[in-house]
Each structure stands twice: as structure tokens, then as C-alpha cells.
Amino acid sequence: MIWRCVNPAAKKKTSVRAGVKCTLYRAYDGPIPDPHVMASAEKLKDIRPQPGICKLLHGLEGLNLVDSKFGPVPFGSVLSYQCPLELSRDIIKHPGASEFPQLPIEGYNFTFPIDFEPNYIQQCHLDSLIVSEEMSAAIEAETRMQSECQLWSQVRKPRLTASRFREICHVRGELSAKALATRILRGTPQTAAMR
């Protein structure tokens, strides 16, 4: 038989399950390097033997700064490559650049030497593909930020796009063609990695 002794004075272990706690009292939000720190470096300059911090502070004068999401940070720091400056995706009009021509160009007719007489159903389908100039301009304006715009996804979903072209060209048989058409119409959800 084994007897177990219990010490009433033994402390119970407490486990903290609150997660990581921030011990930062006040974050510094001024320019880097801080002018007050640089001023204290000048005061420490004449002390002999020199404190080790002087080596660091004198190196800050020639510090290369790069822009980040949080403002200028030292080149090579974690923030410089983990949080780079977010670039705007807006269209930038350069001064002096020529104006893009309004399409369709007046007086230009696209002709092709193919004799094609569509039947009634084919003609109705071709007529449904016609887009007016106003509608084309509206779609273009609304779809500039394509991956973030719902209209772009809706307009592109039923179309045969370049990303599907190879797949369409290599379809063999009616069953695989129907399966491909179903996949195209169903669409593929866009993940963050695809953007």
C-alpha cells in the first residue's frame, strides 16, 4: 500500500489563460530618430569611458529610412518589408500624355471577308452580345478595381475568357463540353491568394 502525503501549505499552481498582454505603456509616434534621443547622444559624447549606447546613437545619424504603412522606418527593419507602403491602384494620368481615343473610332468600319448567314436563333444570340457605347463606358468605369468589384465578376462569369481559352480549345466530346460549360457558369470563387 502506498500512502500519499498532502502538504496543506503547498501552493496551487495557477495558469494564466488570458493570452499575451501588452506591457507597452506609451507608444512613441514621433519621427525616427527621435530628436530628444539624438540630443542626449550629444551630451553622452564627452563621457569617458563611453557608454555602449553611444555607438548605437551615433549610427542613427546616417540612417536610411524607407516608407512603410506606419510612416518612415529604418531600411532593413522588420516593418520595412513586412508592412510596405500600400500602393494605390487608381489610374494615374501623366501630364502631357495623349488622350486615349474614344472608341469606336469615327469612320472606321471593321470588315472581314467571311460569308456568314446566321439563322434566327444565332442572330438573336449575336444581337444579345451587342453593347452600347454608354453601357461599355459604364462597365469600364465600374470595373477599374476589378477584383474588388461585384459587377466585374457578374459580367465576366458567363463569358469565355482568355483564362479558359486553352480548356475550351481542348474539349473532346459532348459530355466534357457540357461539364466545362457547367463549370464556367457555376464560376470559381476567388480566394485571397488569387488576387
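Just a few scattered comments:
- Residue ID - modelled with the highest pLDDT, chosen from residues in the range 43-81 that are under 17 Å from Gly30 (Cβ atoms) and small (Gly, Ala, Ser): Ser68
- Residues of the range 132-161 that turn out to be surrounded by fewer than 10 Cβ atoms within 10 Å (Cβ to Cβ), closer than 26 Å to Arg186 by Cβ and modelled with pLDDT of 80 or more, as a count: 0
The values are calculated or read from the model by the stated rules, or taken from the named source; none is laboratory data. Being a predicted model, the structure only gives us computed values, none of them experimental. Cβ: placed from backbone, ideal geometry, glycine included. Neighbour counts: every protein chain shown.
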